[in-house]
Amino acid sequence: MSADDPAAAAAAIAKATGVDSHDVAVVLGSGWRPAADVIGEPDDELAMADLPGFRPPGVAGHSGTVRSVTVAERRALVLLGRTHLYEGHGVEPVVHGVRTAAAAGCRTVVLTNAAGGIREGMRVGEPVLISDHLNLTSLSPLVGPRFTDLTDLYSPRLRAIAREIDPELSEGVYVGLPGPHFETPAEIRMFRLLGADLVGMSTVLEAIAARAEGVEVFGLSLVTNLAAGITGEPLDHHEVLAAGAAAAGRMGALLRDLIERA
Ligand code: 6GU
């Protein structure tokens, strides 16, 4: 086992928490930090810096810890922060959290993110279930002849459970881009023509890596701003954090109930 092997990180988590196997992992994206406390009090909280293969995230709104949280009969790993492609370390660190979760026993991964809303009528602060994605990073986390099927990548079963919990939830297609720049208004018009509803800089590679591990994937975007050219206002990372703080209660409760029923 090499030092950056996800199995090494899973072993470190098992040792630090005294828990052999976790059930569900939740990756909290930009602005989602305030939802963490609503999921539940952590039994343990570990610094990503102390776990093999993790790169502490450098973005505001990402704190870089892994919590072990008991939710009813389930034990969840909550990753506060993720590594993005735009940090420049390649694909491996981007999917390390998801692979570690799989190695730690998780059969379900919940991927959350902050997204720009493309679809007409979307509002800032609106949560949207990811129904499918367009991977426009031009990359794959898989190497070699691993011809992985991505049909129903975002679990219809878990989406149905989420809509039972929160019947107001809509669904949308998420475009994943490398960033770190936002899109031009012309690009947003193109994505709309391609059937996209949401745009962001994460999630798609993690979802593919999770599928390849046989893990059920659930994706949830928080619309933190309307995509370029829709309002005429420039885009700014601070509105991402503000929208997250405002939606934290509703989002944390949804995640908690979903973990319980996943
Ligand atoms: Cl508008 N674009 C991208 N690429 N990522 C975002 C976003 C927009 N809003 C939040 N994250």
Note on Ala60: of the conditions (1) surrounded by fewer than 22 Cβ atoms within 10 Å (Cβ to Cβ); (2) at pLDDT 95 or above; (3) of a type in the set (A, V, I, L, M), unmet is (2)
With criteria (1) closer than 26 Å to Gly90 by Cβ; (2) within 16 Å of the ligand (Cβ to nearest atom); (3) open to solvent by 50 Å² or more (accessible area, probe 1.4 Å); (4) outside any loop (DSSP other than H, G, I, E, B), Arg211 comes up short on (2)
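Of everything in region 91-131, what is in contact (Cβ under 8 Å) with a residue 12 or more places away in the chain and at positive phi? Give them in sequence order.
Taking region 91-131 as the starting set, the residues that turn out to be in contact (Cβ under 8 Å) with a residue 12 or more places away in the chain are 91-119, 122-131.
Gly105, Gly125 - these are the residues of region 91-131 that are in contact (Cβ under 8 Å) with a residue 12 or more places away in the chain and at positive phi.
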Quick check: is even one residue across region 231-238 hydrophobic (A, V, I, L, M, F, W, C), farther than 17 Å from Gly29 by Cα and near the ligand (Cβ under 10 Å from one of its atoms)? yes
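Going through Ser131, Ser155, Ser140 one at a time, which residue ends up being within 28 Å of Glu41 (Cβ to Cβ), of a type in the set (Gly, Ala, Ser), more than 16 Å from the ligand (Cβ to nearest atom) and at pLDDT 95 or above? Quick ask: steps written out before the conclusion?
Numbers: Ser131 fails: within 28 Å of Glu41 (Cβ to Cβ); Ser140 fails: within 28 Å of Glu41 (Cβ to Cβ).
Among Ser131, Ser155, Ser140, only Ser155 is within 28 Å of Glu41 (Cβ to Cβ), of a type in the set (Gly, Ala, Ser), more than 16 Å from the ligand (Cβ to nearest atom) and at pLDDT 95 or above.
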Point to revise | Selection status of Arg107, over 29 Å from Ala246 (Cβ atoms), charged (D, E, K, R) and open to solvent by 60 Å² or more (accessible area, probe 1.4 Å) | key: yes
Checked region 170-208 for anything more than 22 Å from Val95 (Cβ to Cβ), more than 8 Å from the ligand (Cβ to nearest atom) and charged (D, E, K, R); matches are Glu171, Glu187, Arg189, Arg192, Asp197
Among His89, His22, the single one that is out of contact with any Asp or Glu (no Cβ under 8 Å at 6 or more places or on another chain), outside any helix (DSSP H, G or I) and either within 18 Å of Val215 (Cβ to Cβ) or open to solvent by less than 20 Å² (accessible area, probe 1.4 Å) (or both) is His22
Residue count, region 149-164, condition loosely packed, with under 15 Cβ neighbours inside 10 Å and either among the basic types (Lys, Arg) or touching a strand residue (DSSP E or B) at 6+ places or on another chain (Cβ under 6 Å) (or both), comes to 2
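What are the residues in region 214-224 that are open to solvent by 10 Å² or more (accessible area, probe 1.4 Å) and more than 14 Å from the chain's Cα centre (by Cα), if any?
Start the filter on region 214-224 by keeping residues that are open to solvent by 10 Å² or more (accessible area, probe 1.4 Å), which leaves 214, 216.
Of everything in region 214-224, just one residue is open to solvent by 10 Å² or more (accessible area, probe 1.4 Å) and more than 14 Å from the chain's Cα centre (by Cα), namely Gly214.
What number of residues in region 170-212 are hydrophobic (A, V, I, L, M, F, W, C), closer than 23 Å to Val110 by Cβ and modelled with pLDDT under 95? Spell out how you get there, then give the answer.
Keep residues of region 170-212 that are hydrophobic (A, V, I, L, M, F, W, C), which gives 173, 175, 177, 182, 186, 188, 190-191, 193-194, 196, 198-199, 201, 204-205, 207-210, 212.
In the following step, the residues that additionally are closer than 23 Å to Val110 by Cβ were identified as 173, 175, 177, 196, 198-199, 201, 204-205, 207-210, 212.
Imposing the further condition that a residue be modelled with pLDDT under 95 reduces the set to none.
Selection size over region 170-212: 0.
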Checked region 25-49 for anything touching a residue at least 40 places away in the same chain (Cβ under 8 Å), assigned to a loop (DSSP other than H, G, I, E, B) and more than 16 Å from the ligand (Cβ to nearest atom); matches are Gly40
With criteria (1) open to solvent by 30 Å² or more (accessible area, probe 1.4 Å); (2) modelled with pLDDT of 95 or more; (3) farther than 13 Å from Ala104 by Cβ, Ala11 comes up short on (3)
Flagged in region 150-175 as in contact (Cβ under 8 Å) with a residue 60 or more places away in the chain, over 18 Å from the mean Cα position of the chain (by Cα) and part of a loop (DSSP other than H, G, I, E, B), in numbering order, are Asp166
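The values are calculated or read from the model by the stated rules, or taken from the named source; none is laboratory data. All values derive from a computational prediction rather than experimental measurement. Virtual Cβ from ideal backbone geometry, glycine too; neighbours counted across all protein chains shown. In case anyone asks, the SASA skips ligands and DNA or RNA and just uses the protein heavy atoms, side chains included. Shrake-Rupley method; radii C 1.70, N 1.55, O 1.52, S 1.80 Å.
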